[in-house]
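Read the structure below first, then the notes.
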Amino acid sequence: MFKKYNRRWIFMSVSFMTLQAMGQQQHINYPDTKKVDTVDDYHGTKIADPYRWLENDHSEEIKAWVIAQNKVTQDYLSQIPFRAEIRKRLEELWNYPKNGAPVKHGDYYYYFKNDGLQNQAVLYRSATLGGPSEVFLDPNKLSAAGTTALGNISFSKDGKYAAYLLAKAGSDWQEGFVIDVATKQLLADKLEWVKFSGLAWKGNGFYYSRYDKPNEQSKLSGKNEYQKVYYHQLGDAQDKDQLIYKDDAHPLRNAGVQVTEDERFLILSTTEGTSGAELHYKDTHNPSQQDFALLVKGFDYEPQVIDNDGDKLLVRTNHNAPNYKVVLIDPAHPEEANWKVVVPERKEALQGVGTGGGYLFLSYLKDASTKVYQHDYQGKLVREIKLPGIGAAGGFGGKKADKEFFYSFTSFVTPPTIYKYDISTGASVLYDKAAVKFNPADFETKQVFFKSADGESIPMFLSYKKGIKTNGNNPVLIYGYGGFNIPQTPGFSVSNLYFMEQGGIYAVVGLRGGSEYGEAWHKAGMLDKKQNVFNDFIGAAEYLVKTKYTNPLKIAIRGGSNGGLLVGACMTQRPDLFRVALPAVGVLDMLRYQKFTIGWAWAVEYGSSDNAEQFKYLLKYSPLHNLKPGTSYPATLITTGDHDDRVVPAHSFKFAATLQADNAGPNPALIRIETQAGHGAGKPTSKLIDEATDIWAFTMYNLGMGK
C-alpha cells in the first residue's frame, strides 16, 4: 500500500486554501440526472446501474442532458480570465505549414500538407521533388465545418487509380471512392459500411473489409459483428463485389486481406480481438490452389507477413520471441519446425519491418526511443540508420525499385523533420523542417527511471523549459496509455509545448501494457495484471513528488481511450495524489464495454464481465464502479464526442453523472461533449484548438497557474 502524502508539509507559492477557494469561487449547479432502478446480476453479485438510460444515444432526453451539461461546462470555462490568452497563443503555435513525407506512386510524388490552420490536411502531388505541385484531394471542400476526414488511401500498382476512404463527424464508419489519377475525376464506384479496413490492390480492383448495413438507430453503438472481406472490381456496383471471406460460426472475428508487392500472394489475417492473429495465404501463381490455406495458426501470437522472397514468405512474429524476430516460411511446408530465422530476436523490441529497394528496415525501441537497422532479405545487417537523437522516427520503406525514400523524425521538443534516405549509401539528407514559432533551444527532455510498486523499473520522459528548479512547486501534467501493445514514444505537440512555455513539466510514462519492451511488457499490463499499469502511473506521480519536481496539488493527469481508463482508475484509487484529472473518450464502465460497437475485441486485453473470474478483477478497478459517495475527487474535466462509435460516449456520460453525485469536495466535475466529433481521428483543426484551449484553461486554473 502506498503511503499517502500529508498535504501540510508541502510548501508552495499558492497555498492549499487558495486553491480550495479557486475551486469554490464558481458555485456549480449540475444538471439533474435522473436515476433508474436497473440492477444486473453478475455471477451472483448485484450491481446497480442507475444511469443506464444514458446509453440510449438517440433519445431526446439525452440530447437535452448533453446540452445542459455543455452549458454548465462552458459557463465555468468562460469565467477563467486567461482563457482568451490561451487560445491566442495556441493559434499562433498551430499556425505553421505541416508537410508530410513524399511517397512516389506512378508518375507523381504525393504528400500531405496543412498550410497552418486548415481543418484537414490536403493531399498534393508533384511530378518532381520540389517542383510545381497541385492539389490532388482536398477534404476541406467536403464539409463546411471540416468534419469530413480522409482515411486510408491506396494506389494501384501502376499508379493509375487511387482508392480512398472518407469518415464523417469522427465516426469509424467510412465510405469508399475511386479516383482516376490522370484526370483527377471520381469514378462511379462507391462503397458503404466500411469499417476497420485496408485497401489492398490486385489487378483492376482491390480487397476491403466491411459489415452488413446496420440498423439506423444503433449504428453508432450497436455491436459490430460478422465482418466480411470483399474484392471490388473497378466499375462495378458494390452489390456485385466478390465475397472473399466470411465466418458465420465466429461473428466476433475481424478479417482483412493484404497483397504482396508483386501481387503473387494474398494474405488473409483474422483476429479475435486486439491481440493475436491467424494467417492464411493464397499463391496466385499456383493454379491448383483454389482456396486460402493455413500459414500460421492463431490466436496466441502476433504474426505479420512482411513480403515474399520468391515462393517463400517473410514474417515478423513473437512466437517464442517476446521481442519479435523475422522468419522465412515456406507456404508449402508452413510448420514451425521448418521456419528459418532470418533476423533473430534482440534485447530491444522490434516494432515493425518496412521494405524498400530490396532491403528490410527494422524499427526497434530502446527505452521507448527509435532505432532503425537495414538488412538484406537474407538477414545480413547492412547498417544502422543514424537518427538525429533520442526520439521517434517512422516511414522507413518504399517499393523494390526505389532508390530512396523519406522518413520523419520528431521528439517532444523537436517539430517533425523529414529526411531523404539513400538506400544504397545510407546517407540521410534534410528535406523539410517545420517552422514552429518557438525556440527549441529553450526546452529540453530527459529520461528518468523509477521503481513501481512491485519493483519493476519504469521509464518516463520529462520535457520542460530550461532552468526549471526542483523545488517541489512545478505544475506537471502526466500522460500515459498503458495497453494494447501500443508504445508511448517521443512526439511533438504544439498543445503540450504551450504548457511547457507556461512553466509546466510534461511527463510521459512508458507504462506496462504497451510494447516499449516487447510482448512480456504488454502481458504484464493486461487481463488480471492490469493493476500494474495503474501502479506504474501512480508510481510516476510519487516519484515526481519524492524528487521534488512537484507536489500533489500541482499534478494533472491525462489520457485518452484506454488512457481514459487509466486516468479514471487512478483518480478513484488515489484521489489525494492528483489535483486535476482529464479522462478523454475513456473506457470507464468495465462491466459493459464489450456490449457496444467493437468493444468485444478488447476482451483479450481486459477480460470480460461475462467471465466470473475476470468479473472480479474488472470490478476492482472499473472507474465507474469505484466512485464512492462522500469522497473529494480531483478537479475533473471529462471529454468525449457525440459520434464516438469506438468508445461510446455512454462511458463518459455515466461516469460524469456518478462523479457529480458522489463528489464531496469543492473541485469541479465537468464533462465537455464535442458535437460532430468521434474518438479523435480526423478531428478538424478548429475543434482541436477549441478543445486544447478549454483543457489548458481548466488545468492551469485548477493548478494555480493563472496569470
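None of the figures in this text is laboratory data; all of them are computed from the coordinates on show. Since we're looking at a predicted model, the values are computed, not measured. Cβ coordinates were reconstructed from backbone atoms using ideal geometry, including for glycine residues, and neighbour counts include every protein chain displayed.
Going by a ≥ b ≥ c, the root eigenvalues of the Cα gyration tensor, does the stretch 155-279 fall in the rounded group (a/c under 1.5), the prolate group (a/b larger than b/c) or the oblate group?
Here the stretch 155-279 falls in the oblate category.
Determine the alpha carbon to alpha carbon distance for each of K529/K554; K213/K240; K190/K213; K195/K297; K399/K420; K35/K654 and list only those over 19 Å.
In this structure, K529/K554; K195/K297 exceed 19 Å between Cα atoms.
Share of Cα-Cα pairs in the chain beyond 45 Å, in percent?
For the chain, the share of Cα pairs beyond 45 Å comes to 20 percent.
For the stretch 346-435, divide the Cα radius of gyration by the Kirkwood radius and give the resulting Rg/Rh value with two decimals.
Looking at the stretch 346-435, the ratio lands at 0.95.
Multiply the residue gap between Q447 and D212 by 0.36 nm, knock off their C-alpha separation, and tell me the result in nm, one decimal place.
Difference between extended and current length: 79.8 nm.
Among all helices in the chain defined by DSSP H, which have a length of 20 Å or more along the axis from Cα atoms plus a Kyte-Doolittle mean of at least 1.0?
Within the chain not a single helix satisfies the rule.
Lys and Arg at +1, Asp and Glu at -1: add these up for the other residues within a Cβ distance under 10 Å of L129 and post the number.
+1
Would you mind ranking T470, T597, T183 by Cβ crowding within 10 Å, fewest neighbours first?
Exposure proxy ranking, most exposed first: T183, T470, T597.
Please report T417, T128 as a ranked list, fewest other C-beta atoms within 10 angstrom at the top and most at the bottom.
T128, T417
Arrange L365, L186 by Cβ neighbour counts within 10 Å, fewest through most, would you?
Ranked by crowding around the Cβ, least crowded first: L186, L365.
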